[in-house]
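The values are calculated or read from the model by the stated rules, or taken from the named source; none is laboratory data. In this text the structure is predicted, and so the values were computed from the model without any measurement. Neighbour counts are summed over all protein chains in view; Cβ atoms, including those assigned to glycine, are modelled from backbone coordinates with ideal geometry. What goes into the accessible areas is simple: the full protein's heavy atoms, side chains included, and nothing from ligands, DNA or RNA. Shrake-Rupley method; radii C 1.70, N 1.55, O 1.52, S 1.80 Å.
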Amino acid sequence: MFLNSIFPDPEHAARLMDIAKTSLMPLLKGAIFYSIPLTIITFICGLFLAILTALARISHVKALQVIARIYISAVRGTPLLVQLFIIFYGLPNIGVTIDPYTSAIIGFSLNVGAYASEIIRAAILSIPKGQWEAGYSVGMSYSQVMRRIILPQAAKVSIPPLSNTFISLVKDTSLASLVLVTEMFRRAQEIASTNYEFLLVYSEAALLYWVICFFLSIIQQALEKRLDRYAS
Amino acid sequence: MISIKNLHKRFDKLEVLKGINLEVEKGKVVVVIGPSGSGKTTMLRCLNVLETPSEGNISIEGQSLDFSHTVPKKSIAAFRRLTGMVFQGYNLFPHKTALENVMEGPIIVKKEDKRLAEEKARALLNKVGLSDKVDTYPAHLSGGQQQRVGIARALAMEPEVMLFDEPTSALDPELVGEVLKVMKDLANEGMTMIVVTHEMRFAKEAADEVIFMDQGVIVERGKPDSIFTNPKEERTKRFLNMLQ
């Protein structure tokens, strides 16, 4: 009835309803089998990379610092889409062929690794110097203090900004459609190209991204609350 | 026994310690007093190498570090285990309960069995009067309680000497007493202690020796009675007068 008011032609309205219904399943499948796993795998790999990069960045070994700086600068200074194209379309020229899904995982992980490393580095540096001294004073080594005392506290500090990264990542995975990953937005493009109802199908995809991000922000709040248990 | 020989500490051009010589016998309590900027905290932090001395030699119970050349990290970590440090700002681990704070060193550094470490930690918290706070996080403890956990945490490593860096300076006046009481008990048990403090009453009641520092040197040392009632040096007199 809502559609009827916008589209006076009842047949058109019925057709739109039909398209909306039939495209929902393929879109959901794209989200469940590609977009969401891609996000999760990438985030875990990226986070791992980010911690290593942050540790390299604050280490006293000059070479590690330099490598980390170059990596961060290169990733942040080039568009994500261009990075994906280099990995998927570019590397075959030197004989390295990677399938679309793996290309996307590599590209996004490198991206998350660089951005999140700065978040983690800032979080580590935000922990008061007294915590290091207290750790050292009971005889701990640098790596013991880092692992047992500093990183757990830094984790708590970095949850809100890391959640931002995570939510951005959900949306960025739509770029994988351009390196032929059949994730949600690629499916939307395919559907729309057959029925020309771009507004309807893309809006439907947008709505699904929104729903996913909404649930993620709820999880974020729960996580923050959990990590808050020792604070005043 | 602790012995400090010709200890110097420079921060860039500023010389904070200008050749400190000090010997402390086992079981003695030494209180270090002096105006701010006198180098007393720096001296204490040099003893557990939180500050690396620029020059000099420190030895505790036969283990010694010579700072005329670079000291390897391993020997610093081993040396630190001889000392227990209590900080002005407590520096408890906020993500760990009182019990976990005390157990952390023994488990991670000494690789002690978890159950044994917990038993000892409970005994130590009981000793500092906090047996009802074992599972409480630092944020929910008062300053005095936090500092007592700090003392228990340092004791858990079974150090040869306890170092106190202005342990009551950050406390509300009504909480000072409970911390000083724990420290006095420790002194009575024969723990070797070096205490930097402004609590002259503690110095009078618990110290075997009082050391007055000013501008990076030890100006005067002696029994608390003689320092407080009959100081020999002009600078000591002036400092003690200012406190009255």
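For chain B, with only Lys/Arg (+1) and Asp/Glu (-1) charged at the beta-carbon, what is the dipole magnitude about the Cα centre, in debye rounded to 20?
380 debye
Return, ordered by residue number, the residues of the stretch B:49-80 whose backbone nitrogen is under 12 Å from a label point located 7 Å along Cα→Cβ of B:LYS13.
Inside the label zone: nothing.
So what does A:THR194 come to for accessible area, using a 1.4 Å probe and Å² rounded to 10?
Ignoring ligands and nucleic acids, A:THR194 comes out at about 100 Å².
What's the average, rounded to a whole number, of partner chain beta-carbon atoms within 10 Å of each residue's beta-carbon in B:80-93?
Average neighbour count from other chains, rounded to a whole number: 4.
Provide the solvent-accessible area of B:SER64, counting protein heavy atoms only and rolling a 1.4 Å probe, rounded to the nearest 10 Å².
Approximately 70 Å² for this residue.
May I ask which residue of A:LEU227, A:PHE215, A:ALA31 lies farthest towards the positive end of the charge dipole of the protein assembly as shown, with charges of +1 (Lys, Arg) and -1 (Asp, Glu) on Cβ and the Cα centre as origin?
Of the candidates, A:LEU227 comes out farthest on the positive side.
Mind putting a number on the dipole of the protein assembly as shown about its Cα centre? Charges go on the C-beta only, +1 for Lys and Arg and -1 for Asp and Glu, and I need it in Debye to the nearest 20.
720 debye
How do A:77-83, A:199-205 rank on mean C-beta neighbours within 10 Å, highest first?
A:199-205, A:77-83
In chain B, what % of DSSP beta bridges are antiparallel (nearest 5)?
If I count the DSSP bridges inside chain B, around 55 percent turn out antiparallel.
Please work out whether the stretch B:1-42 counts as rounded, prolate or oblate from its C-alpha gyration tensor, where a ≥ b ≥ c are the square roots of the eigenvalues and a/c under 1.5 means rounded, while otherwise a/b larger than b/c means prolate and anything else oblate?
Working: a/c = 3.66, a/b = 1.64, b/c = 2.24.
Since a/c reaches 1.5 but b/c is at least a/b, the shape of the stretch B:1-42 is classed as oblate.
Nearest 100 Å², what total accessible surface is buried between chain B and chain A (probe 1.4 Å)? List each step's numbers first, then the result.
Working: alone 11850 and 13430 Å², together 23310 Å².
What B and A bury together is about 2000 Å².
Does the stretch A:1-142 classify as rounded, prolate or oblate by the C-alpha gyration tensor (a ≥ b ≥ c root eigenvalues; a/c under 1.5 gives rounded; else a/b over b/c gives prolate, otherwise oblate)? Provide the component values of the computation, followed by the final result.
Details: a/c = 3.51, a/b = 2.05, b/c = 1.71.
It is prolate, given that a/c is not under 1.5 and a/b is the larger ratio.
Hydropathy first: keep DSSP H helices in chain A averaging at least -1.0 on Kyte-Doolittle, then drop any whose Cα extent along the axis falls short of 20 Å, and list what survives.
Membrane-span-like by this criterion, though nothing is claimed about a membrane: A:10-30, A:36-58, A:62-76, A:100-126, A:151-172, A:198-227.
Within a 10 angstrom radius of each residue's Cβ in A:129-135, how many Cβ atoms of other chains show up on average? Whole number is fine. Let's see the in-between values first.
Working: counts 2, 6, 5, 2, 8, 14, 6.
Across the residues of A:129-135, the mean count of other-chain Cβ atoms within 10 Å is 6.
Which of B:LYS73/B:LYS181; B:LYS9/B:LYS223; A:LYS225/B:LYS127; B:LYS28/B:LYS110; B:LYS73/B:LYS110 have a Cα-Cα distance over 24 Å?
B:LYS73/B:LYS181; B:LYS9/B:LYS223; A:LYS225/B:LYS127; B:LYS28/B:LYS110
Please give the charge dipole size of chain A, origin at the Cα centre, charges +1 on K and R Cβ atoms and -1 on D and E Cβ atoms. Round to the nearest 20 debye.
1140 debye
Please work out the Cα center distance from the stretch B:187-232 to the stretch A:94-160, rounded to the nearest Å.
Each part's Cα centre sits 46 Å from the other's.
Does the stretch B:79-162 classify as rounded, prolate or oblate by the C-alpha gyration tensor (a ≥ b ≥ c root eigenvalues; a/c under 1.5 gives rounded; else a/b over b/c gives prolate, otherwise oblate)?
Oblate.
Within a 10 angstrom radius of each residue's Cβ in B:127-140, how many Cβ atoms of other chains show up on average? Whole number is fine.
Mean shielding count: 1.
What is the distance in Å between the Cα centres of the stretch B:151-186 and the stretch A:171-188?
61 Å
In the full protein assembly as shown, how much of B:ASP113 is accessible to a 1.4 Å probe, in Å² to the nearest 10?
We get 90 Å² for B:ASP113.
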